[in-house]
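Everything on this sheet refers to the single structure shown next.
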Amino acid sequence: MPIMEKGLVINHQQLAQDMYVMEFLAPSIAKECKPGQFLHVRPGNTNDPLLRRPLSLYDVDQEKGSISLLYRVVGKGTDLLTGLKVNDYIDIMGPLGRGFSLPESPKNALLVGGGVGIAPLVYLGRVLKERECQVTVMCGAANAGQLVVDDKFQQLDITFLSATIDGSAGYKGLVTDLLVTQVKPGGFDIIYTCGPEPMMDLVALYAAIHHIWGEVSLEEHMACGVGACLGCARRLKASDETYAKVCKDGPVFNMKEVEF
Amino acid sequence: MPIMEKGLVINHQQLAQDMYVMEFLAPSIAKECKPGQFLHVRPGNTNDPLLRRPLSLYDVDQEKGSISLLYRVVGKGTDLLTGLKVNDYIDIMGPLGRGFSLPESPKNALLVGGGVGIAPLVYLGRVLKERECQVTVMCGAANAGQLVVDDKFQQLDITFLSATIDGSAGYKGLVTDLLVTQVKPGGFDIIYTCGPEPMMDLVALYAAIHHIWGEVSLEEHMACGVGACLGCARRLKASDETYAKVCKDGPVFNMKEVEF
Amino acid sequence: MKNISAGQDIDLRVNLGGILMNNPVAVASGTFGYGREYEDYIDIAGLGAVIVKGTTLEPRHGNPPPRIIETAAGMLNAIGLENPGVDVFVNQYLPYLFEKKVTVIANIAGNTIEEYATIAARLEGCQGIAGIELNISCPNVKQGGLQFGTDPVMVKNVVQAVKAETSLPVMPKLSPNVTNIVEIALAAQEGGADALSMINTLMGMAVDVRTRKPVLANIFGGLSGPAIKPVALRMIYQVYREVDIPILGGGGIMNATDALEFIMVGAAAVSIGTGNFVNPQMAGDILAELYYYMQENDMKSLNEIVGIAVQK
Amino acid sequence: MKNISAGQDIDLRVNLGGILMNNPVAVASGTFGYGREYEDYIDIAGLGAVIVKGTTLEPRHGNPPPRIIETAAGMLNAIGLENPGVDVFVNQYLPYLFEKKVTVIANIAGNTIEEYATIAARLEGCQGIAGIELNISCPNVKQGGLQFGTDPVMVKNVVQAVKAETSLPVMPKLSPNVTNIVEIALAAQEGGADALSMINTLMGMAVDVRTRKPVLANIFGGLSGPAIKPVALRMIYQVYREVDIPILGGGGIMNATDALEFIMVGAAAVSIGTGNFVNPQMAGDILAELYYYMQENDMKSLNEIVGIAVQK
Ligand SMILES: Cc1cc2nc3c(=O)[nH]c(=O)nc-3n(C[C@H](O)[C@H](O)[C@H](O)COP(=O)(O)OP(=O)(O)OC[C@H]3O[C@@H](n4cnc5c(N)ncnc54)[C@H](O)[C@@H]3O)c2cc1C
Ligand SMILES: Cc1cc2nc3c(=O)[nH]c(=O)nc-3n(C[C@H](O)[C@H](O)[C@H](O)COP(=O)(O)OP(=O)(O)OC[C@H]3O[C@@H](n4cnc5c(N)ncnc54)[C@H](O)[C@@H]3O)c2cc1C
Ligand SMILES: Cc1cc2nc3c(=O)[nH]c(=O)nc-3n(C[C@H](O)[C@H](O)[C@H](O)COP(=O)(O)O)c2cc1C
Ligand SMILES: Cc1cc2nc3c(=O)[nH]c(=O)nc-3n(C[C@H](O)[C@H](O)[C@H](O)COP(=O)(O)O)c2cc1C
Ligand code: FES
Ligand code: FES
């Protein structure tokens, strides 16, 4: 059951120019979390910014009762978050939304992330490993400096391949180029992806061509985060008449349901 | 000439539950400052709170190029200020307004402050001492804990008398009772006062009765702080047809001009 | 919250023109779904009223996204009245709320006066509805899309038509996008309104400078949140002086002080809208603080201060 | 700022219906005094225009305090048009501004149509006025206090009356407190307006819960600042589609992105009001950023994007 909680910040670090990771204690929420779900975070106490901001579960330590978020500073909400210090409290609601479907039996899973879209794939990777899946991560970023999570995957003993636009680390080019040109198809049973829409579009195409089951995590502006305001509507297929609620029906959807 | 400057915070301390003192380097503004003037401070970067907040010059060190403010947390603007840390910048305009008139020759001066109204009297006391005046300060507060500036006056070798409502320090009662009942009239040539209006009203009455020249520092909500918006209007005498601008014509006014 | 309304000396109950509320804090239509969405966070039966999402005769899919965007101390929404239609509301949502003992105010919207009347007729006799809020910020398709709420004659007619079909108290929700809100309020009263709900959103928009297009697919949206509070207070002040029916006040309420401002300009009860998104427990928090305020000020009923700031 | 407007390829000049501005960033009436008050902070001759404080025929003392109060992302003001009257303006303030080569737009306000016309006549032939902004958010005493700006017929008449007395470009400043802003804009255009200024403040109020009274002595005040930006953008968008005269856009502009939003919905130039209080150098900062934006986007003139977000 999602609830409201004040998380006690226990760690807050700048990983790259505009990327931060924050860990806080929120035991009641932590014990409910599943990969792919998100928290709705109040960035400040005044009326500007006003609304909460949705941020994916980047990692969860259920024993410790802690949750980590990985975020990129893009506007005033995320900018305000950077001001939180250890021992401050963060006002959160969650866990919200439908997370990733987890395989019942061990599978060979590919996780494709772009930019800060890598965030939910870390927690997903951890849980898949717990379920004895084989996990490969492909991560795209602008440059080596933006590849901030490789060590996380290494710790989890997950194969990590990277692609950078400027070639400063890993494959030079888009992560989808890496996927299409460098990876032998047929090896994966299941694909999860989160990142920019054009990237997810290509990943979904790849999965369709190779008949691989997969899920994508979508974004939409949100107000309530709980399915009450109907603000986060998304038409999944151009032919659909109705809209899905990204906050409640998603943010994770089956690749086949979505048209980019 | 008043200007805009980013002051580099070099000291920020909590003096009582709701009272803070902040010192920052702002050499260009510091060299223009006179006692009784104020700074117009931007409390944050977002639109709520929106307007600047006027705060009196509490102390100025022209050699060091630093300015100190003493403030009480009463709302969201002052609350935000408390978050500024050493090495942060504070966005200020000033010095603004008409400060206290300073005597040409050494005088025997009485300074009466109530609550955080004591703030401008510290800098005033310093400058009066530099001009070889004899200075006595009377300060009213709710309790001993709110009397946060006595050491400042002691350092300046200024006689300091206090009154607290609960009697936890100094005279038990209002500072105006202290003034009227405990002080031999006739000793002072000049009186300056800043604090709650009823207090200033009585101080002005005392000065009038004893034919002592004096000045008061008034407050009014402000937007521009420079005389442009006409928001800080104040009718000085009930009989006046026109309004004074507290930010530009004041905040310091001759006691005789003001009717409370 | 429930034990609060059971306080001995303090009576929190409000009779809003026949809509009986246990306490003066309601949640606004469109910001609280059908109540259930917020059940994990707050005791929805303890709320003064849950004004459910606007209901139309037929199901509506709503507007394409983006539907919302944050603005300074506010937000714009152009949901486009997405809802499953009155039949689904009555058959699927209402029974649950009735069972949970939630005080429900239905909110209805139509394209024509007849549609409003038909929806009201469908709601007649349904268990668990305390009253009907009429969303009149809708375009009247027969009048070339002119909003019902901007024309006094249309306002009077739509209220009359709905009153004719229902035994429930009827509370039109006034649009603030008008030159003369008093004229509209008086027309609603003449039409037989039992109470007034004020205010709906201000019409606004935002531009995405990067794409050089309006942010909202619908171009225009309704502005809500703290940004509009001064306008809401002013309109309620103006209307309170002139009408004899009670007012449900809202627009940017975020805390008990805000709620008291609305009460002091004439609101007999208040509604929390956008505030629910910021803090799903806001309505409960405000109620608790109002109760505390009443204790502190030795009050038995909020009526003692309704309209106290208004110079009649 | 001056060297900015001298950029070789980029032409920042704006012809606002005959009001010639060196660049598109003006400061709004009542928020910048007579320019001199901000001289220590910004080169006032480098501004697109300084729209001076509203001038009436006779001196006015203004409203009793409190006159202002901050609200969420905005502020309310009820200054009450304190000003020394048109003669003092012409004899004491204008010559200084003329000497300093400031682009001055006079802002005039009256109690009757005749008063507007008389003030305009007094300004005729005075050196250093680039145009007249008509503040029509004033009560018409002959019509029982109904605001000029809320009635299309009065709007047309007052514009016509002023046009008859002046050879200067005339720019009525529209009140947003109306049901149909397009109707008002068209009336102004019919009356002969050379440009439109949009928008003036929204009418609002605030309550002091402690005293249980309105905060402002005048009860009601004008809401300005970022809170109203969505409403301003919407109204300019609506009006731009229908009128043929240029629009000076403002209402809550705080940075260049805001300014671009206004330009993209149809403003040929922008005005900074409440923003000056927050940062007296805001107009200069915005101009510099607009220039940078034009460079980045290979633009020669802002005209290339005026109204680009509007679907005609
Ligand atoms: C389910 C979900 C999970 C997300 N997970 C992460 C994550 O783990 N790490 C991360 O860095 N980002 C994540 N995001 C994106 C993140 O929510 C936005 O970057 C953030 O809200 C921007 O807020 P801001 O105030 O800094 O920017 P703003 O200045 O408000 O806006 C910048 C941009 O952020 C987007 N945005 C603003 N408000 C919202 C909102 N209420 N809902 C959605 N988008 C908004 C808009 O596209 C806007 O253009 C996630 C988004 C969703 C929907
Ligand atoms: C010339 C002058 C000098 C001052 N010097 C000091 C000082 O040295 N130390 C100190 O603690 N306080 C001083 N004040 C008072 C200080 O400005 C207010 O306490 C402060 O602005 C409150 O801001 P806030 O956001 O914390 O409170 P808010 O929540 O905004 O409001 C709390 C109260 O503060 C007052 N206030 C709010 N905004 C303004 C404004 N723009 N102008 C004036 N008053 C406002 C109102 O009375 C309001 O009721 C001075 C005021 C003036 C006019
Ligand atoms: C997302 C959203 C959806 C809304 N939907 C409706 C609706 O369906 N019917 C209605 O009458 N009002 C609707 N409103 C208006 C609110 O009920 C409320 O009147 C308005 O938001 C002002 O109050 P607030 O500032 O507290 O949010 C909606 C508001 C929002 C923000
Ligand atoms: C303190 C103050 C005084 C104002 N005085 C006038 C005035 O005399 N005449 C006028 O036409 N508009 C006046 N205005 C309105 C502004 O010129 C401007 O149109 C309005 O504030 C909206 O813009 P903003 O949000 O950028 O401030 C005043 C606004 C403020 C805040
Ligand atoms: S954010 Fe409110 S329904 Fe999804
Ligand atoms: S605060 Fe603007 S004139 Fe004084």
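Shielding value for C:198-211 is 5, the average number of Cβ atoms from other chains within 10 Å of each residue's Cβ.
For region B:108-217, what is the convex hull volume of the alpha-carbon atoms per residue, in Å³? Residue-normalised Cα hull volume stands at 83 Å³. The aspartates and glutamates whose alpha-carbon is closer than 18 Å to the alpha-carbon of D:LYS100, local same-chain residues fewer than 8 away aside, are D:GLU37, D:GLU39, D:ASP40, D:ASP43. The phi torsions of region C:97-108, fed into the Karplus equation with coefficients 6.51, -1.76 and 1.60 and a -60° offset, translate into couplings of 5, 5, 4, 7, 6, 7, 7, 9, 10, 7, 10, 10 Hz, rounded to whole numbers, with Gly and Pro shown as x.
Could you sort out which of A:LYS34/C:LYS101; A:LYS6/C:LYS173; A:LYS76/A:LYS245 sit more than 27 Å apart by Cα distance in this structure?
Values: A:LYS34/C:LYS101 33 Å; A:LYS6/C:LYS173 36 Å; A:LYS76/A:LYS245 25 Å.
Among A:LYS34/C:LYS101; A:LYS6/C:LYS173; A:LYS76/A:LYS245, the Cα-Cα distance tops 27 Å for A:LYS34/C:LYS101; A:LYS6/C:LYS173.
Take every pair of alpha-carbon atoms less than 8 Å apart whose residues are at least six positions apart; their mean separation over the length of region B:109-175 yields a relative contact order of 30 percent. With Cα atoms defining each centre, region A:222-239 and region B:235-249 are spaced 56 Å apart in the structure. The mean number of partner chain beta-carbon atoms within 10 angstrom of a residue's beta-carbon across peptide A:4-11 is 1.
Each residue of region C:275-288 was assigned a 3J(HN,Hα) from its phi angle through the Karplus curve 6.51 cos²θ - 1.76 cosθ + 1.60 (θ = phi - 60°); the sequence is x, 4, 5, 6, 8, x, 9, 4, 4, x, 4, 5, 4, 4 Hz, with glycine and proline shown as x. By the Cα gyration tensor, the protein assembly as shown has an equivalent ellipsoid whose semi-axes, rounded to whole angstrom, run 49, 38, 34 from largest to smallest.
For the segment D:254-267, counting C-beta atoms of other chains within 10 Å of every residue's C-beta and taking the mean gives 3. Each residue of region A:99-114 is assigned a 3J(HN,Hα), and the resulting list reads x, 6, 6, 9, x, 5, 10, x, 10, 9, 10, 10, 10, 10, x, x Hz, derived from the Karplus form 6.51 cos²θ - 1.76 cosθ + 1.60 (θ = phi - 60°), x at Gly and Pro.
In what sequence do B:SER28, C:SER224 fall when counting other Cβ within 10 Å, fewest first? Could you put the intermediate results ahead of the total?
Working: B:SER28 12, C:SER224 31.
Least crowded to most crowded, the residues run B:SER28, C:SER224.
Summed over qualifying helices (DSSP H, 4 residues or more, each -39500 (n - 2.57)) and divided by its residue number, chain D shows a 222 nm mean residue ellipticity of -7500 deg cm²/dmol.
Entry note, region C:109-265: relative contact order of 19 percent, from Cα contacts under 8 Å with a spacing of 6+ residues.
Once the Cβ-Cβ distance between B:LYS237 and D:ASN15 is put in as r, and R0 is 51 Å, what FRET efficiency do you end up with, to the nearest 0.05? Please list the in-between numbers first.
Numbers: r = 49 Å, r/R0 = 0.97.
In this case the efficiency is close to 0.55.
Using DSSP, restrict attention to beta bridges with both residues in region C:64-137 and report what percent are antiparallel, rounded to the nearest 5.
On the way: 4 of 9 bridges.
Beta bridges within region C:64-137, antiparallel portion: roughly 45 percent.
Of all lysines in the structure, those lying under 16 Å Cα to Cα from A:LYS152, and not within fewer than 8 positions of it along the same chain, are A:LYS129.
Remark: spin-label model distance B:LYS6-C:GLU124 equals 6.9 nm, labels positioned 7 Å along the Cα→Cβ axis. Taking amide H as placed 1.01 Å from N in the peptide plane, the amide H of D:GLN147 sits under 5 Å from that of D:ASN140, each at least 5 places away or on another chain.
For n ≥ 4 DSSP H runs only, could you compute -39500 (n - 2.57) per run for chain A, divide by its residues and tell me the 222 nm figure to the nearest 500? Mind showing how you got there, number by number?
Working: 5 runs with 41 residues, N = 260.
Result for chain A: -4500 deg cm²/dmol, rounded to the nearest 500.
Just how many % of Cα pairs in region B:3-96 lie over 18 Å apart, if you round to the nearest whole percent? Value for region B:3-96: 37 percent of Cα pairs lie more than 18 Å apart. Applying a DSSP loop filter and a limit of 13 other Cβ atoms within 10 Å to the trypsin sites (Lys or Arg not before Pro) in region B:191-247 leaves B:LYS237.
Given R₀ = 56 Å, FRET efficiency for C:ASP298-B:VAL86 by Cβ-Cβ distance, to 0.05? Present the calculation step by step, with values, prior to reporting the outcome.
On the way: r = 47 Å, r/R0 = 0.84.
Plugging the Cβ-Cβ distance into 1/(1 + (r/R0)^6) gives 0.75.
Each of C:VAL162, B:VAL180 was scored by other Cβ atoms within 10 Å of its Cβ. Arranged with the fewest first, they read B:VAL180, C:VAL162. Could you tell me the calculated FRET efficiency between B:GLU63 and B:GLN14, based on Cβ-Cβ distance and R0 = 25 angstrom, to the nearest 0.05? Here the calculated transfer efficiency is 0.40. Measuring between their Cα centroids, region C:246-312 and region D:212-253 lie 27 Å from each other. The distance from the alpha carbon centre of region D:76-110 to that of region B:17-66 is 31 Å, rounded to a whole number. Restricting region A:75-162 to trypsin sites (Lys or Arg not before Pro) that sit in a DSSP loop and have at most 12 other Cβ atoms within 10 Å of their own Cβ leaves A:LYS85. Here is the tail figure for region C:192-302: Cα pairs spaced more than 23 Å apart come to 38 percent of all pairs. Of all beta-carbon atoms in chain A, the one sitting closest to the axis that brings chain A onto chain B gives A:ASP48, 2, with the distance in whole angstrom. The mean sequence separation of alpha-carbon pairs under 8 Å and at least six residues apart, normalised by the residue count of chain A, gives a relative contact order of 17 percent.
May I ask for the net charge around A:LYS76, where only other residues with Cβ less than 12 Å from the Cβ of A:LYS76 are counted and Lys, Arg are +1 while Asp, Glu are -1?
Details: positive: A:ARG53; negative: A:ASP48, A:ASP79, B:ASP48, C:GLU70.
Within the 12 Å Cβ shell, the charges total -3.
Average the reciprocal distances over every distinct pair of alpha-carbons in chain C, invert the result, and give the Kirkwood radius in Å. Spell out each step's value before the answer.
On the way: mean 1/r = 0.0519 Å⁻¹.
Here the Kirkwood hydrodynamic radius works out to 19.3 Å.
Sparsely packed loop sites in region B:184-260 (the GluC sites (Glu not before Pro) outside DSSP H, G, I, E and B with at most 10 other Cβ atoms within 10 Å) comprise B:GLU241.
Quick note: the coordinates plus some simple rules give every number you see, no bench work behind them. Source: prediction; values computed, not measured. Cβ atoms come from the backbone with ideal geometry, glycine included; neighbour counts cover every protein chain shown.
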